[in-house]
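These notes are about the structure you will find just below.
The values are calculated or read from the model by the stated rules, or taken from the named source; none is laboratory data. All values derive from a computational prediction rather than experimental measurement. Every residue, glycine as well, gets a Cβ built from its backbone with ideal geometry; the counts of neighbours run over all protein chains shown. When the accessible area is computed, the model is the full protein with side chains, heavy atoms only, and any ligands, DNA or RNA have been set aside. Shrake-Rupley method; radii C 1.70, N 1.55, O 1.52, S 1.80 Å.
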Amino acid sequence: MVFWGVFAVAADGADGAPVRVRLWHQLIYAHREVQAKLIAEFQKENPDIVIESIYRETEALRSGFQSAALVGGGPEIVQGPSDQVGPLSVMGLLAPMDEYFTPEDLTDFDSSALIRVHDQLLMVGDTVGNHLSLLYNKKLLPTPPQTTDELFAQGRAYKQGYFLVWHMQEPFFFVPWVTGFGSDFASIEGQPNLDTPAMAQAFQLMKDLKASGFVPRDADYETANALFKDSKVAMIVNGDWSWGDYKKAGIDFGIARLPQISSTGLWPAPLVAAKGYSVNINVPVEKKDAVRRVLQFLTSAKTQLAFTKEVSTLPSRLSARQDPVVLNDELLKASNTIMEVAKPMPVTAELRAVWDALRIQYQAVLGGSVEPAVAAKNAQTEALRQIQIMNEVRPADAGAIVVKAVMGILVLALLVYLAMKTPGFLRDLRGPNRLAYAFLLPALLCVGLVVVFPFFYNIAISFSNLSLRTFTSWEIIGFQNYFEVLVDPVFYSVFLKTLIWTFLNLLFHVSLGVILALLIDQTLPAKPLWRTLLIIPWAVPQYITALTWRGMFNQEFGAINQVLAKFFEMSPIEWLSKPLEMFAACLITNIWLGFPFMMMVALGGLQAIPRELYEAARVDGANAWQRFWRITWPLLQPVMIPATVLGAIWTFNNLNVVWLVSNGGEPAGQTHILVSYVYKSAFDLYRYSSSAALSMIIFLILLVATVFYLKVSDKKIGVG
């Protein structure tokens, strides 16, 4: 695979072969369909260029692009909203785009679609908007409310289902309301402005809406989207990116401003931004012409109008806006009135810290654990702290000399070792074992590239100052990152939570696995059928299971609460809104995923136990418990101990379940275990070196625990 990958790169554009231009984008499904048709037309007219268009979710695109561009790779073009330009430009991963457009061509763009940082053009937008609005189903609600007083009055009178829904956990859907109370949440430079009366009043409004009874008490983006598509809610707060999907679903909807705040007379101001294309700094000279042609195609008036016709996006080209397709679009006409009160989205790296701090406190307010005024103050304090951490550049200290010396000695020792072993290895390679080497070497090469090299690279990073400001100029600084992790009280609280998570999971995995294996092995008829049914949870991909369980844990629409209410007359549990309940939800999901593995291991061990031992025990009068404790359990341990060690490592490092079920640590970042905490630190705040040090500490914890557990277990087995 590596060989073919290298071959493909080497052959790209050589000897008349088409030039590949890779495009990573975040287009939703309806937009992707339009793009696919346009790219197919482009490639018919330009057979010397192949556009590889790949969809990636927002965070996956950003983190993947950062990692790839850091080592000189990545796609030639990335598409997304303008706010991603801030951090990517600070990292030095984006190339100036003036050379890809003529000055005359650029004059045809709306100025807000040309994103410049320090006078360098780093993004050319193909659409302007990306803003929130109030979408209402005309069949359910002919006229939307104009003020918040009307919103509450109409909501309480509405009897056909829910009146309003929005993505409740995401602060992007919340911040327009802050402006309605007279203040912005951040300056245009990205500095936080969160500790204000307006923020506290907006928090209180969200609490009042959630408690109103006409709003679902729990709704993420997909839930809100599904409710509106199924006409089970009259209105939704959503962005212009969703219009295409709703049109395709056949919903007769209109758009309007978010209701005016009655107490202030001010309109909530949604954030408006361009969405467009940036160029990777690593684009080689020989590809620039192909990239230029692709960019001009993607941002052409013809392409923009095709999107407008199908999904009602607002073109960034001024000439395209004079086309009847734009002038006669009813949604765009209504959108213009919304954009009159909109605010521009700041294009700075610091905004990430503001979002992160605000998200935690916003979710805490909705969960009822913090009062609005306190949350506003906490958000401001945390945002300033995170901005300071994000922008910190640590100098090297005396520890750097020690680290470099140790690294130098290790590298020298490795070179000496290789020099001693290489001649013998080469002789052996040409000897009778050459066929074995031929089969073994590709696997060794893959392990070296995907395991060994990243491991040692991670060790080097853990002693460095790699962060947002030093992404391409980091250096070894000593032991500062390890010291920072070990004195951080958050590390110990998350570590304790991780231990509880691992212990409870293993307890249920092993106990359920052994019990089910005993049932299948001894009593149940149709054993193959039961074995197949019980292994299904393990066979289904983790992310599908995790997202399915997340849907079932929804407070109002999930199957779990409906079963509890119907058969046990229990009140709905706020699985996704409360920290303890969310942790329990993650735990239940992982138990569901983990017990089949232990069951299969135990079943294999049971079948290896001689039946004569049980018959002899019965003759001696041993009951079922005595037979299990004296025969089954001791003889199962040789197979269960390695499985338990593996299960402990997998559970301790299980990012997927915690991240997907809790949606990144919700509520308020209180559901993290160590591995999800590492991921959040690395990619939310760009603290790569600190996260690398934390990951090495996790590795050492697992290594020590595993060695200790195996030694103790071996001793017990030997004594038994």
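The set of residues in the range 257-274 being open to solvent by less than 30 Å² (accessible area, probe 1.4 Å) and either part of a loop (DSSP other than H, G, I, E, B) or modelled with pLDDT of 95 or more (or both) consists of Leu258, Pro259, Ile261, Pro268, Ala269, Pro270. If you take the residues of the range 657-681 that are under 16 Å from Ala60 (Cα atoms) and in contact with a Leu (Cβ under 9 Å, 6 or more places away or on another chain), which of them is surrounded by the fewest Cβ atoms within 10 Å (Cβ to Cβ)? My answer is Asn663. Leu702 meets each of the listed conditions (1) modelled with pLDDT of 85 or more; (2) within 19 Å of Pro579 (Cβ to Cβ); (3) surrounded by fewer than 23 Cβ atoms within 10 Å (Cβ to Cβ) apart from (2). Scan the range 46-63 for residues that are open to solvent by less than 20 Å² (accessible area, probe 1.4 Å) and either at pLDDT below 90 or under 26 Å from Asn458 (Cα atoms) (or both) and the total you get is 2.
Taking the criterion of being under 16 Å from Lys527 (Cβ atoms) and either touching a Phe, Trp or Tyr at 6+ places or on another chain (Cβ under 6 Å) or open to solvent by 50 Å² or more (accessible area, probe 1.4 Å) (or both), the residues of the range 593-607 that qualify are Pro596, Met600, Gln607.
Summed over the range 228-271, the residues that are within 22 Å of Thr299 (Cβ to Cβ) and in contact with a Gly (Cβ under 6 Å, 6 or more places away or on another chain) give a count of 1. Looking only at residues in the range 275-291 that are in contact (Cβ under 8 Å) with a residue 24 or more places away in the chain and out of contact with any Asp or Glu (no Cβ under 8 Å at 6 or more places or on another chain), the one that is surrounded by the most Cβ atoms within 10 Å (Cβ to Cβ) is Ser278.
Testing Arg630 on (1) charged (D, E, K, R); (2) touching a Ser or Thr at 6+ places or on another chain (Cβ under 9 Å); (3) part of a helix (DSSP H, G or I), one condition comes back false. Which one is that? The single condition Arg630 does not satisfy is (2). When the strands (runs of 3 or more DSSP E) confined to the range 40-142 are screened for residues that are in contact (Cβ under 8 Å) with a residue 12 or more places away in the chain, of a type outside the set (Val, Ile, Thr) and within 30 Å of Val233 (Cβ to Cβ), those reaching at least 3 such residues are found at 132-137.
The residues listed here are Ala419, Ala396; of these, the one that is within 22 Å of Ser467 (Cβ to Cβ), out of contact with any Lys or Arg (no Cβ under 6 Å at 6 or more places or on another chain) and among the aliphatic types (A, V, I, L, M) is Ala396.
The condition of being out of contact with any Pro (no Cβ under 6 Å at 6 or more places or on another chain), within 30 Å of Ala186 (Cβ to Cβ), without any contact (Cβ under 8 Å) to a residue 24 or more places away in the chain and open to solvent by less than 80 Å² (accessible area, probe 1.4 Å) does not hold for Asn391. Cβ contacts < 8 Å: first residue in contact (Cβ under 8 Å) with a residue 24 or more places away in the chain, restricted to the range 395-408; second residue part of a loop (DSSP other than H, G, I, E, B) and of a type in the set (S, T, N, Q), any location; separation 6+ or different chain. Result? Partner pairs satisfying both residue conditions: Pro395/Asn465; Ala396/Asn465. Residues in the range 224-241 that are assigned to a helix (DSSP H, G or I) and surrounded by fewer than 21 Cβ atoms within 10 Å (Cβ to Cβ) were compared, and the one that is modelled with the lowest pLDDT is Trp241.
Of all the listed residues (Leu512, Leu547), the sole one being open to solvent by 80 Å² or more (accessible area, probe 1.4 Å), of a type in the set (A, V, I, L, M, F, W, C) and in contact (Cβ under 8 Å) with a residue 12 or more places away in the chain is Leu547. Of all residues in the range 215-242, those satisfying the criterion of being within 21 Å of Val175 (Cα to Cα) and among the aromatic types (Phe, Trp, Tyr) are Tyr221, Trp241. When residues in the range 577-592 are screened for being open to solvent by 10 Å² or more (accessible area, probe 1.4 Å), among the hydrophobic types (A, V, I, L, M, F, W, C) and touching a residue at least 60 places away in the same chain (Cβ under 8 Å), 3 of them pass.
Restricting Val124, Val117, Val90 to residues that are open to solvent by less than 10 Å² (accessible area, probe 1.4 Å), within 34 Å of the chain's Cα centre (by Cα) and under 19 Å from Phe65 (Cβ atoms) narrows the list to Val124. Filter the range 543-556 for residues that are in a loop (DSSP other than H, G, I, E, B) and touching a helix residue (DSSP H, G or I) at 6+ places or on another chain (Cβ under 7 Å); which is modelled with the lowest pLDDT? Among those that are in a loop (DSSP other than H, G, I, E, B) and touching a helix residue (DSSP H, G or I) at 6+ places or on another chain (Cβ under 7 Å), it is Gln555.
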